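Down below is the structure, laid out as structure tokens.
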There are 2 protein chains.
Amino acid sequence: MESLSDRQKMLLTLVIHEYTRTAVPVGSQSLVEHYHLDLSSATVRNELAALTEMGYLRQPHTSAGRSPTEDGYRYFVSQLLQQTDLPAETRRTISHQFYQMRNDSDQWMRLAASVLANQSRAVSLVTAPRPENAVLKHLELISTRGRQILMIMVMAGGEVHQKFFSMNEVYSQEQLSTTAAAITQAAQGLRMEDIVTIRPYLDETSQIILNSIIPELTQTTQPALSEVYMDGMTNVLAEPEFSGSEEARRAFRLLEERSMLDDLLSRSVVGSAVGGVHVIIGGEGAWEELRQCSIVLARYGLPGQITGTLGVLGPIRMSYGRSISAVRFLSGLLSELVSTGLAD
Amino acid sequence: MESLSDRQKMLLTLVIHEYTRTAVPVGSQSLVEHYHLDLSSATVRNELAALTEMGYLRQPHTSAGRSPTEDGYRYFVSQLLQQTDLPAETRRTISHQFYQMRNDSDQWMRLAASVLANQSRAVSLVTAPRPENAVLKHLELISTRGRQILMIMVMAGGEVHQKFFSMNEVYSQEQLSTTAAAITQAAQGLRMEDIVTIRPYLDETSQIILNSIIPELTQTTQPALSEVYMDGMTNVLAEPEFSGSEEARRAFRLLEERSMLDDLLSRSVVGSAVGGVHVIIGGEGAWEELRQCSIVLARYGLPGQITGTLGVLGPIRMSYGRSISAVRFLSGLLSELVSTGLAD
DNA sequence: ATTAGCACTCTCCTTGATAGAGTGCTAATT
DNA sequence: AATTAGCACTCTATCAAGGAGAGTGCTAAT
């Protein structure tokens, strides 16, 4: 692949910028006028023809303007987009909002989704932080009604799981508390999978209780179909390529299908990465429903300990600069919050 | 208001049925043909003219067919719609799905939202069951990291609240457990607001801890901005009156605004009630953004003890029969689940 | 009371003509 | 050798005009 001249790079950038703004194929003359270029439209035309030849631009039909191809966007994101940050003012405001808030994971996620949606003007997706290898720190068993039990697990990372279930028999709260305390002590520092090994160290009743709760224990932390927080759907509904057409519903259906979403977010490896931020343009072949969409994703948290994912999903012609900087900033901020939350 | 003849009632029903199906104003001739009426189009025309006169039908312009007015729908829902149930087969399948599932409130709500959306082919809204007057049954305080505390409240109804916060000093887990046990015992059967009154009965350290957690205690259960489960947004996106127009976004923005939603669901008193199910047609004046929408709502649970809300939101020309029967069935089913959950 | 018949109205779709934006190519200019 | 002015050509979007279709209201006949 031959490389682009500086002027071609500039023109590609301008075409993308203009097309992002208007959603209409952009012509040589309008480019010259709108950006006060020191070139004639004929020259621009020649360059655009070259870029089209190379596969970075596309013409809906002869005698129409040009719009960027997926490859055009990829080149732009990986080569031309210089890293920008959100304005300092904005960053401060956002940080404030997070720190002002009680240390409540649910609230944080909600706020993150809301901020991300507003900044990127696309759909935002945020998953709660999840421990990568679960280590139990504290266990509580609480009788709620009859044989129904509430189990609460505090993990080494500081986050909490709770789970209801029914026992085969009724146990007193005293018995349950004793067992929970015993398990807590014995399982100190053990990984979830290894908790069975403590059985010999417990008294008889505790063993019976442990047997009942083991499936719950492991199941709860293992697949952990993590909840996905979402916001800003009205943003993308307003975009011309989604209003009215069939295409919008396709993408939305994907968002309503939890399992899809989970898969989508966990595959954040695909696509080109820029400073920890992954950009998936036009579904990259893997996602038929997302052919008209792009995704900007990042992980956050403490790698190896506790991590989550956040990102935005929008039309291919979204503003990558804005999205990437928003995602980058928020992933940094959330990482910070997660780790100070642990250290505090 | 003069009352309708039987024939007028039938014709109104047919017009509504047809308009629900096609979203196009329906004319006399097409009515006669489509439903094989034993009448001429002229007669039907006269009757339709009368219904239009009375305000139950509307003509977009002279020489167009008729569509129902809001009043037409109200009359239909309150007077003409005979109560139907979901098919027995369907009811059984749905019940099975619920009972097959672990007693997990979060899962139930998700399933309820999904089923409701599928049955009604509209947007479904479900709130988790909430105690109407909060009575504490069991309290746990768990140290997670340093001064950070996890507080868990089990309410008399059996449901659970958890909350993180930081204390001013570090306390040992033993101290916290002792205090929690003391408070649990002393506060037995007390309403949340009256919990301050137990302070004199505690030892000194417990008093200090109690002081720190009282704001958290009351605040957590009071406003309880209940989480709303939602599903089926793609259903309504497909409807012609929402595709493309500005109107869709207006309604969706409302759905993304949590506070609005809460307000909306709690005002379930407005509108005509049919067997515990409330129907709000065209926003009933109160909701500007929902002028094009109707809502079918019901409460579920044990009145006075623990209740939640569920409903569907769709275009005015939704199928009220289907929506109402789905909402009615699910509210009954959830009520049952909630109360057996308590009795179990 | 019902209906057949008819004149009239309004929308929607098709057709044809036109303006506008854009292209590619060639020849002139720097 | 790169740039640009000029020109012929292409394709779309828009608008007006005309006709088909669906519907209405009214009157007179059944």
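Some notes on this structure:
- Single residue of B:T84, B:T69, B:T13 found to be under 22 Å from B:S323 (Cα atoms), away from DNA strand C (no atom under 14 Å from the Cβ), without any contact (Cβ under 8 Å) to a residue 40 or more places away in the chain and within 29 Å of the chain's Cα centre (by Cα): B:T69
- Among the residues listed as A:R291, A:R258, A:R250, A:R267, the single one being out of contact with any Pro (no Cβ under 9 Å at 6 or more places or on another chain), among the charged types (D, E, K, R) and modelled with pLDDT of 85 or more: A:R291
- For A:A134: the one exception among (1) open to solvent by 30 Å² or more (accessible area, probe 1.4 Å); (2) more than 14 Å from chain B (Cβ to nearest Cβ); (3) within 30 Å of A:V160 (Cα to Cα): (1)
- Residues within the range B:8-42 that are aromatic (F, W, Y), within 12 Å of DNA strand D (Cβ to nearest atom) and modelled with pLDDT under 95, tallied: 0
- Residue count for the range A:166-222 satisfying the condition of being under 35 Å from the mean Cα position of the chain (by Cα) and charged (D, E, K, R): 4.
- Within the range A:232-244, the presence of a residue that is within 11 Å of chain B (Cβ to nearest Cβ), assigned to a helix (DSSP H, G or I) and either surrounded by fewer than 17 Cβ atoms within 10 Å (Cβ to Cβ) or at pLDDT below 80 (or both) is excluded.
- Matching option when the condition is part of a helix (DSSP H, G or I), closer than 25 Å to B:V15 by Cβ and over 11 Å from the mean Cα position of the chain (by Cα), among B:G314, B:G321, B:G332: B:G321
- When the range B:103-118 is filtered for residues that are in contact (Cβ under 8 Å) with a residue 60 or more places away in the chain and open to solvent by less than 50 Å² (accessible area, probe 1.4 Å), the ones remaining, listed by number, are B:N103, B:W108, B:M109, B:A112, B:A113, B:S114, B:V115, B:L116, B:A117.
- Condition check for A:E169 on (1) free of Cβ contacts under 8 Å to residues at least 40 places away in the same chain; (2) among the acidic types (D, E); (3) at the interface with chain B (Cβ under 10 Å from one of its Cβ atoms): one failure, at (3).
- Search result, residues across the range A:22-39 that are open to solvent by 60 Å² or more (accessible area, probe 1.4 Å) and either out of contact with any Ser or Thr (no Cβ under 9 Å at 6 or more places or on another chain) or within 7 Å of DNA strand C (Cβ to nearest atom) (or both): A:Q29, A:H34, A:H36, A:D38
The values are calculated or read from the model by the stated rules, or taken from the named source; none is laboratory data. Fair warning: this is a prediction, and the values are worked out from it, not measured in the lab. Note that we place each Cβ from the backbone using ideal geometry, even for glycine, and neighbour counts take in every protein chain shown. The area values use the complete protein model at the heavy-atom level, side chains included, leaving out ligands, DNA and RNA. Shrake-Rupley method; radii C 1.70, N 1.55, O 1.52, S 1.80 Å.
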